[in-house]
Amino acid sequence: MAKILVVDDEAQIRGLLVKMLSVEQHEVIEAENGTQGGEKYRAHRPDLLITDLVMPEKNGIDMILELKKEFPSIRIVAISGGGGITGSFDYLPIAKLVGALHILQKPFSLQELKSAVAEALGTPGAR
Amino acid sequence: MGAGYLVETAENAAQALEKMDAFHPEIVLTDWVMDGMDGLELCQVLRQRKNGQLLYIILLTSHDAEDSLVKAFEAGTDDYIPKPVTPRILLARVQAGARLVRLQIEVEQARREQVERARMAQQIQRAHKMQAIGKLTGGIAHNFNNHLAAILGYAELAREMFPGVGDGQLDEFLENIQQAGVEARDLVVSLRSFSSGESGSCKIPLMGVMLDDIVRMLQPVMTASTVLEANFGQEIPQVLVNQDQIYQMIMSLCINAREAMDGKGDICLHLQYVRDVRASCTSCHEWLNDDFVELSVSDNGRGIDAETLHRVFDPFFSNKEVGQGTGLGLSVVHGIMHGCGGHILVDSDVGKGSNFRLLFPVAGEEMENAGTGPAMSA
Ligand SMILES: [Mg+2]
């Protein structure tokens, strides 16, 4: 029963994650880009941040870099369809590089998400 | 002859033919009337043998009637000198021949260069095409994966939340949706691995093309201005690298550079061929004395002091300093560079900035075929 912030520009994906996480009794907050994600993280101080990487306004990597500076032990799970729309390169390894505890390639299964969330929440982290 | 020509002599046509292969003359002066094979026959034989090769034949003759001369030219002679031959006329005609030979050599060289340029252009075009295909499939894959995440996710969720609805028929329908979704997902994976040519290391003839792409991709991640200064002026030899690893290293170095500058300043990517590098590798300390293809990432940030520079490649260093903006992923850079036989040089001045120079060994001819990945050969 943790507080989780979900950031993704696709409403369908956000809806799916909200549903999946609510079934697990988590409290879920949503944001649709990096700017909103940063604001909501500061306002709500969730236990976990699940974020997409390719988003308009502010991308996930930028948001992670900013939040990581403010909250060094922030817990992050990054999700992405891989290969940004601008090229064939994959942002997921970069998310790992800048501090995501887990990275999930879309599409992921319910089980993959559950265990990534459980593991990330189990990782010691101060707010 | 005393006029700067290398001269070989032969007493008859047979001897001349014997000497041809060792001497490789550009100009042949031959008498017409000789014992055995005569000058005209020699001409014909040489034209057959030396087909396509440069050879200027001058016939010395006293047969200067029109019919005879026409016969001589038909046999393949380029010029003739009527007897008696004076040194001045001989030298003048040899010089005229040499002029023609030189011109022909120049034309041939220009033609060869033209062919080489066309081949290079084709290679560049192919690299660009493969890159465009990769980009296109990357974009399609990204969007597909987002849609598939929704399709597969909701189907899975529905099965979990509403089991047994409609005598299990809903389960069956959902299972079909999931199966189709998984097949589509696998298709995306194979499409992408085809386009990116997942071949481990592959020969990169033009790292500049790739750098352009990386810089474009870096822009949204960089608040600082990023300047690409790929040196295309000189030819950059091929190196054997894994594209993803290059990408990962540049990304790490750029993120570090950006942090070192607090988001303000210039990051320069520079690609060049450096000859005769004599220095000690900053991370493995091996003494280097070789030519390399250098890819450098420099910034005008706060720099690294000598004491810290000593430890930045330590695998545990980055863990200690996460969030500090220094040393992020440098042990990975160390591993990748030394894994491909390369080295790293770091120049850094506190307060002025750092320059991380990745030195790649130049790929030899024998590596060329072994390393050609599908991305380049397709
Ligand atoms: Mg997105």
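The values are calculated or read from the model by the stated rules, or taken from the named source; none is laboratory data. For clarity, every value in this text was computed on a predicted model and none was experimentally measured. Cβ placement follows ideal geometry from the backbone for every residue including glycine, while neighbour counts extend to all protein chains displayed. Each accessible area value is taken on the protein alone, full model and side chains, heavy atoms only, with ligands, DNA and RNA left out. Shrake-Rupley method; radii C 1.70, N 1.55, O 1.52, S 1.80 Å.
Take the conditions part of a helix (DSSP H, G or I) and at pLDDT 85 or above and apply them to B:M337. Does it pass? Yes; evaluated as a whole, the condition is true for this residue. Within the range A:28-64, restricting attention to residues that are away from chain B (no Cβ under 14 Å) and in contact with a His (Cβ under 9 Å, 6 or more places away or on another chain), the residue that is least open to solvent (accessible area, probe 1.4 Å) is A:L48.
Screening A:L104 on (1) at the interface with chain B (Cβ under 7 Å from one of its Cβ atoms); (2) at pLDDT 90 or above shows it passes everything except condition (1). Assess whether B:A72 counts as being touching a residue at least 40 places away in the same chain (Cβ under 8 Å), open to solvent by less than 70 Å² (accessible area, probe 1.4 Å), touching a strand residue (DSSP E or B) at 6+ places or on another chain (Cβ under 8 Å) and outside any loop (DSSP other than H, G, I, E, B). It is true that B:A72 is touching a residue at least 40 places away in the same chain (Cβ under 8 Å), open to solvent by less than 70 Å² (accessible area, probe 1.4 Å), touching a strand residue (DSSP E or B) at 6+ places or on another chain (Cβ under 8 Å) and outside any loop (DSSP other than H, G, I, E, B). Screening A:G82 with (1) under 30 Å from B:I246 (Cα atoms); (2) open to solvent by 10 Å² or more (accessible area, probe 1.4 Å); (3) in a loop (DSSP other than H, G, I, E, B) gives one miss only, at (2).
Which is more than 16 Å from the ligand (Cβ to nearest atom), within 20 Å of B:F144 (Cα to Cα) and not aliphatic (A, V, I, L, M), of A:S80, A:S73, A:S109? Write out each step before concluding.
Values: A:S80 fails: more than 16 Å from the ligand (Cβ to nearest atom); A:S73 fails: within 20 Å of B:F144 (Cα to Cα).
The match here is A:S109.
Looking across B:V188, B:V182, one residue alone is in contact with a Phe, Trp or Tyr (Cβ under 7 Å, 6 or more places away or on another chain) and at pLDDT 65 or above. It is B:V188. The one condition from (1) open to solvent by 50 Å² or more (accessible area, probe 1.4 Å); (2) more than 10 Å from chain B (Cβ to nearest Cβ) that A:L67 does not meet is (1).
Within the range B:93-148, if we keep just the residues that are open to solvent by 60 Å² or more (accessible area, probe 1.4 Å) and within 16 Å of the ligand (Cβ to nearest atom), the residue that is nearest to the chain's Cα centre (by Cα) turns out to be B:I140. Selection over the range A:1-12 of residues that are surrounded by fewer than 17 Cβ atoms within 10 Å (Cβ to Cβ) and more than 12 Å from the ligand (Cβ to nearest atom) gives a count of 2. Those strands (runs of 3 or more DSSP E) of the range A:1-74 that lie entirely within it include none in which at least 2 residues are small (G, A, S) and on the phi > 0 side of the Ramachandran plot. In the range B:226-284, the qualifying residues are those that are polar (S, T, N, Q) and part of a loop (DSSP other than H, G, I, E, B), and the one that is modelled with the lowest pLDDT is B:N231.
Would you be able to say whether some residue in the range A:13-26 is facing chain B (nearest Cβ under 9 Å), within 12 Å of the ligand (Cβ to nearest atom), in contact (Cβ under 8 Å) with a residue 60 or more places away in the chain and crowded, with 17+ Cβ neighbours inside 10 Å? Yes, some residue in the range A:13-26 is facing chain B (nearest Cβ under 9 Å), within 12 Å of the ligand (Cβ to nearest atom), in contact (Cβ under 8 Å) with a residue 60 or more places away in the chain and crowded, with 17+ Cβ neighbours inside 10 Å. Here B:L157 meets the list (1) at the interface with chain A (Cβ under 7 Å from one of its Cβ atoms); (2) open to solvent by 90 Å² or more (accessible area, probe 1.4 Å) almost entirely, failing just condition (2).
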